[in-house]
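What follows is a single structure, written as structure tokens, with notes after it.
The values are calculated or read from the model by the stated rules, or taken from the named source; none is laboratory data. Predicted model, so just to flag it, every value in this text is computed and none were measured. We place every Cβ from the backbone using ideal geometry, glycine too, and count neighbours over all the protein chains shown.
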Amino acid sequence: MSGLDSLYQELILEHSKVRSGGDLARLPAPATGPSGGEQSHTGQSHQLNPVCGDEITLRLSLGTAGEGQTVTEIHWDGDGCAISMASASILSEIAPGMSPVSLRHTIDHFRELMRSRGKLEADEDLLHDAAALAGVAKYPARVKCAMLAWVAAEDALRQAEAGQG
């Protein structure tokens, strides 16, 4: 194993244990509507990988203030393998502050990377720590584990933009 692969493996294990953003269970029900001059919308999605049993519920909030909408926060709760939990943790760290267009672009790149079977290189400037998951693409049975949170974020973003809660 190369030094970079080892570093990526450590990063994935660290995120799977720390579970950044994994605090959905302690939050009140989602609220939408005006708040202090800002317009806020929330979407929530539950995703299940029936093959391995990984599951996640992810809540994404969009806020509008000044220059347009941005992801204000992502909270999630889930249970699954180290890859799915690390992927959710990383996503919850990198998405806040992104515009919906930027988040969609990032999700699309991550999906393309995961479907490449290891033939594409991760854009580290775009994916940040999620680039550490690039090696998962070589293992088709694990791709859905890595994608679970990203699919949930995509669905929650759609709901938030539609003003659903």
Open item on the list: Go through the stretch 85-103 and report how many residues are over 13 Å from Ala153 (Cα atoms) and in contact (Cβ under 8 Å) with a residue 40 or more places away in the chain.
Closed with: 2
- [ ] Those residues that are surrounded by fewer than 21 Cβ atoms within 10 Å (Cβ to Cβ), part of a strand (DSSP E or B) and not hydroxyl-bearing (Ser, Thr, Tyr), I need them from the stretch 38-54; list them, please.
- [x] Glu38, Gln39, His46, Leu48
Task: Failed condition for Leu91, given (1) touching a Lys or Arg at 6+ places or on another chain (Cβ under 6 Å); (2) crowded, with 22+ Cβ neighbours inside 10 Å - done: (1)
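For (1) among the β-branched types (Val, Ile, Thr); (2) modelled with pLDDT under 95; (3) over 15 Å from Ala152 (Cα atoms), each residue gets a yes or a no:
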residue	(1), (2), (3)
His46	no, no, no
Ala65	no, yes, yes
Gln69	no, yes, yes
Ile74	yes, yes, no
- [ ] Within the stretch 55-75, work out how many residues are surrounded by 24 or more Cβ atoms within 10 Å (Cβ to Cβ) and over 19 Å from Phe110 (Cα atoms).
- [x] 2
Open item on the list: Being outside any loop (DSSP other than H, G, I, E, B), of a type in the set (A, V, I, L, M, F, W, C) and over 16 Å from Ala86 (Cα atoms) is the filter here; which residues of the stretch 99-141 pass it?
Closed with: Val101, Leu103, Leu113, Leu126, Ala141
Task: Residues of the stretch 97-116 classified as surrounded by fewer than 16 Cβ atoms within 10 Å (Cβ to Cβ) and in contact with a Ser or Thr (Cβ under 7 Å, 6 or more places away or on another chain), total - done: 2
